[in-house]
Every structure is written in structure tokens, then in C-alpha cells.
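Q: Below you'll find the structure I mean.
The values are calculated or read from the model by the stated rules, or taken from the named source; none is laboratory data. Here the structure is a predicted model, which means the values were calculated and not measured. Reconstructed Cβ throughout: ideal geometry from the backbone, glycine too, with neighbour counts over all protein chains shown.
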């Protein structure tokens, strides 16, 4: 994958980061939950605003606003790799990002993220996928 030189590092972005060789590392519940824990940790530390996310079996999608995209992704990917303590490569060497410029782009990106498990046939309704910001446990109002 050839990486274009980004001129803007701050803003709102749709991010896709893929597991090395598309290994399905996130199909393991504990690994998917660890990824979400890392995302929330750096969100709480103020590295970014996390608007939406989904952890798929072999990749993640994020909708974030940050002042420093390379730094935020270094923490997310590196923090997860460190916490996982795997002897194997965890991530593809790069990630894909698309800057969001307006409300329609934001809403489209959030919908794309939340519908990813539905399109993949993992669930019928986005709210049923436990590794997504769209998740709504049964019997919980909100």
C-alpha cells in the first residue's frame, strides 16, 4: 500500500486499520474487548474524541477528531500491541484515513462504521454487535 503524504494532521477522520495479514485476531472476545479498552483509555486521556468505532474480526474502523492523527494512531496501535503482548506482528504497517469535511460526511462515516458488522453478516442489526459504539444490550434503555 503506498501512503500519500498527509498535509492535515488535525480534524475529524474515518480510520481503517487492518490486522497483519488480515489475521482474525479480534474474533476472540477478550482481544476485541482489549482493543475497545485501549480506544477508551486514550479517549479519556484526551488524545482524541471518539465519535464511533467498530472492531471487526480482522480490522477496526474509527471516527475520531484529533489534533495529531499520527500521534493518536501511534498510541492506539502501539498501545494495543503492547497490551496484547503478542510475539507476532499485530497490524499492517499502515492505516487508511479519510478526512471528514462536513456533517453529511460525518453522518455517512458513522453509518458506514455501524453497518459494517451487518454488511459482513455478523448480525442483523448494528445494535446487536457487541464490539461497536452502536451496541445496545438487550433490556437496556438509552
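Q: Being farther than 17 Å from residue 120 by Cα and assigned to a strand (DSSP E or B) is the filter here, so list the residues in the range 15-29 that pass it. Give the steps one after another, and end with the answer.
A: At the first step, the residues of the range 15-29 found to be farther than 17 Å from residue 120 by Cα are 15, 20-21, 29.
15 - this is the single residue of the range 15-29 that is farther than 17 Å from residue 120 by Cα and assigned to a strand (DSSP E or B).
Residue-by-condition table, conditions (1) in contact with a strand residue (DSSP E or B) (Cβ under 9 Å, 6 or more places away or on another chain); (2) buried (at least 16 other Cβ atoms within 10 Å of the Cβ); (3) part of a strand (DSSP E or B):
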site: 9; (1), (2), (3): yes, no, no
site: 31; (1), (2), (3): yes, yes, no
site: 43; (1), (2), (3): yes, yes, no
site: 50; (1), (2), (3): yes, yes, yes
site: 54; (1), (2), (3): yes, yes, yes
site: 60; (1), (2), (3): yes, yes, yes
site: 65; (1), (2), (3): yes, yes, yes
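Q: Applying the selection to the range 81-111, what residues are touching a strand residue (DSSP E or B) at 6+ places or on another chain (Cβ under 8 Å), in a helix (DSSP H, G or I) and closer than 21 Å to residue 20 by Cα?
A: Correct list: 81 only.
Q: May I ask you to list the residues in the range 106-129 that are within 14 Å of residue 52 (Cα to Cα) and in contact (Cβ under 8 Å) with a residue 24 or more places away in the chain?
A: Step one: filter the range 106-129 for residues within 14 Å of residue 52 (Cα to Cα), giving 106-117, 126-127, 129.
Residues satisfying the conditions are 106, 109, 110, 112, 113, 114, 116, 117, 129.
Q: Further, regarding this structure: Scan the range 120-133 and tell me whether some residue there is at pLDDT below 95 and surrounded by fewer than 17 Cβ atoms within 10 Å (Cβ to Cβ).
A: From the range 120-133, those at pLDDT below 95 are none; that's our starting set.
Checked against the condition, which is being at pLDDT below 95 and surrounded by fewer than 17 Cβ atoms within 10 Å (Cβ to Cβ), the range 120-133 yields no hits at all.
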